[in-house]
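K.L.:
Below you'll find the structure I mean.
All of the numbers you see were taken from the coordinates with simple rules; none came from a lab. What you see is a predicted model, and the numbers here were worked out from it, not measured in a lab. All Cβ positions, glycine included, derive from the backbone under ideal geometry; neighbour counts span all protein chains shown.
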Amino acid sequence: MITIAVDAMGGDHAPRPEVEGSVLATREFNDIRILLVGQAPVVRPELAKHATPNLPIEIVPASEVITMNDHPAQAFRRKRDSSVHVAARLVREAKADGMVSAGNTGAVMTVSRFLLGTLESVDRVALAAPFPNARGGVSVLLDVGANVDSRPEHLVQFAVMGEVYYRATFGNRRPRVGLLSVGEEEIKGNVLTREVYTLLKKSPVHFVGNVEGGDLFSGSVDVIVCDGFVGNIALKICEGLAVSIFDLLRKSLKSSILSQVGAKLSQRAFKGLKKKIDYTEYGGAPLLGVRGVCVIGHGRSNANAVKNAIRVAAGLARARINERIEQELSATAVPA
């Protein structure tokens, strides 16, 4: 069985979604075992509400909690028995095949980088965000926040890791890789993107050139590469826009003068669209490049998001994602 350590104390509404999501995962995926990491007096009563005998779920105690207000570096040093620390140590000690947390993103990345370490061929880790595209598939944007500043060779590594992740998760043997820039032409962009373009042309990835911001959801490429500063801004804009659009659609449906039948059809279509682009279906963003599997969920993750984050983590562990990243990066050999 694949064992996943779940930070039971990380999310905005912890531990309820984490516990419920873990229960859903073990019921739906019979080859997954869960280690719920957190304050046992809080986690145990929540688990008792859901669990049935023989579910492969075990509580691993952790006395401290890293909050969303904690500074990542300070929390790493001062809260060494936090649920994030304990989950990462379980992975480091091979007691778990991967970890899932919907906690403080900066703290989860800091703890993972220092306790798990990075792969030998990786200079910078990257956070990869999957999202639906207009062609009915999934595109991946990375880096979306693990690094504020990056050098050209780092983005080449992101491209390689993103391609490996895409193949392992979505089954495309040759995903198309694009570089996020201000124009499609090779000469467009800043110093960073122009240099990355030249390096990607020489790399083994299936590089198809520059893509613009408007192409994020077009499905013209599968993996979109950028530095973490740009990627995080793009991701937050997309999240905010999606929420605003759904609010507008909801208000429009309520104020519509459509017939009762028409209104029901519209609501059915609305629900179908919402499910298709619902972030909870994608679980979370994997932190690529660390020695172990780490999936970071949104702070407001519900039980469905936690269940799917567990599914993603188990899938990456099963696919031996890190071995494949090492092999690909060794073959790429971009000088740091």
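K.L.:
Could you work out the local net charge near Asp149, counting Lys and Arg as +1, Asp and Glu as -1, over the other residues with Cβ closer than 15 Å to its Cβ?
P.N.:
Numbers: positive: Arg124, Arg151; negative: Asp123, Asp143, Glu153, Glu195, Asp227.
With Lys, Arg at +1 and Asp, Glu at -1, the neighbours total -3.
K.L.:
Further question on the same structure: Measure out, as a whole number of angstrom, how far apart the alpha-carbon centroids of region 183-207 and region 87-160 sit.
P.N.:
22
K.L.:
Positive end of the dipole of region 121-164, charges at C-beta (+1 Lys, Arg; -1 Asp, Glu), about the Cα centre: which of Val122, Ala159, Ala134 has its Cα farthest in that direction?
P.N.:
Ala134
K.L.:
Right, here's the next one. I need the phi-derived Karplus couplings for region 106-122: 6.51 cos²θ - 1.76 cosθ + 1.60, θ = phi - 60°, integer Hz, Gly and Pro marked x.
P.N.:
Once rounded to whole Hz, the list reads x, 5, 4, 5, 5, 4, 5, 5, 7, 7, 8, x, 9, 4, 4, 8, 9.
K.L.:
Add -39500 (n - 2.57) for each DSSP H run of 4 or more in the chain, then divide by its residues: what number comes out at 222 nm, to the nearest 500 deg cm²/dmol?
P.N.:
Details: 11 runs with 152 residues, N = 336.
After summing the helix terms and dividing by residue count, I get -14500 deg cm²/dmol.
K.L.:
Still on this structure: What pairs from Lys79/Lys236; Lys201/Lys307; Lys202/Lys236; Lys188/Lys307; Lys79/Lys307 go past 30 Å between their alpha carbons?
P.N.:
Numbers: Lys79/Lys236 28 Å; Lys201/Lys307 38 Å; Lys202/Lys236 32 Å; Lys188/Lys307 41 Å; Lys79/Lys307 27 Å.
Among Lys79/Lys236; Lys201/Lys307; Lys202/Lys236; Lys188/Lys307; Lys79/Lys307, the Cα-Cα distance tops 30 Å for Lys201/Lys307; Lys202/Lys236; Lys188/Lys307.
K.L.:
Could I ask something else about it? Could you order the peptides 149-157, 93-101 from most to least packed, using the average number of other C-beta atoms within 10 Å per residue? Kindly include the intermediate steps, with their values, before the conclusion.
P.N.:
Numbers: 149-157: 21.2, 93-101: 23.3.
Ranked by mean Cβ neighbours within 10 Å, highest first: 93-101, 149-157.
K.L.:
A further question follows. Can you tell me which of 6-17, 77-88, 207-218 comes out highest on packing, and rank the rest after it, using the mean Cβ neighbours within 10 Å? Present the calculation step by step, with values, prior to reporting the outcome.
P.N.:
On the way: 6-17: 25.3, 77-88: 22.2, 207-218: 17.4.
Descending mean neighbour count gives 6-17, 77-88, 207-218.
K.L.:
To continue, here is another question. What Kirkwood Rh does region 144-183 have if only Cα atoms enter the pairwise 1/r average? Answer in Å. Intermediate values should be presented prior to the final figure.
P.N.:
On the way: mean 1/r = 0.0878 Å⁻¹.
One decimal place: 11.4 Å for the Kirkwood radius.
K.L.:
If you don't mind, there's one more thing I want to ask. What aspartates and glutamates sit close enough to Lys95 to cross-link, taking a C-alpha to C-alpha distance under 16 Å and skipping anything fewer than 8 places away on the same chain?
P.N.:
Asp7, Asp31, Glu58
K.L.:
Taking the alpha-carbon set of region 1-149, what are its Rg and Dmax in Å?
P.N.:
Rg and Dmax of region 1-149, Cα atoms, are 16.0, 49 Å.
K.L.:
Another question, if that's okay. Can you give the relative contact order of region 80-178 as a percent, counting alpha carbon pairs under 8 Å and 6+ residues apart?
P.N.:
Details: 81 pairs, mean separation 17.3, N = 99.
Once normalised by length, the contact order is 17 percent.
K.L.:
Another question about this same structure. Where does the charge balance sit around Thr332 when Lys and Arg score +1, Asp and Glu -1, over other residues with C-beta under 10 Å from its C-beta? Don't jump to the answer; show the numbers that get you there.
P.N.:
On the way: positive: Lys202; negative: Glu153, Glu328.
Every neighbour counted, the sum reads -1.
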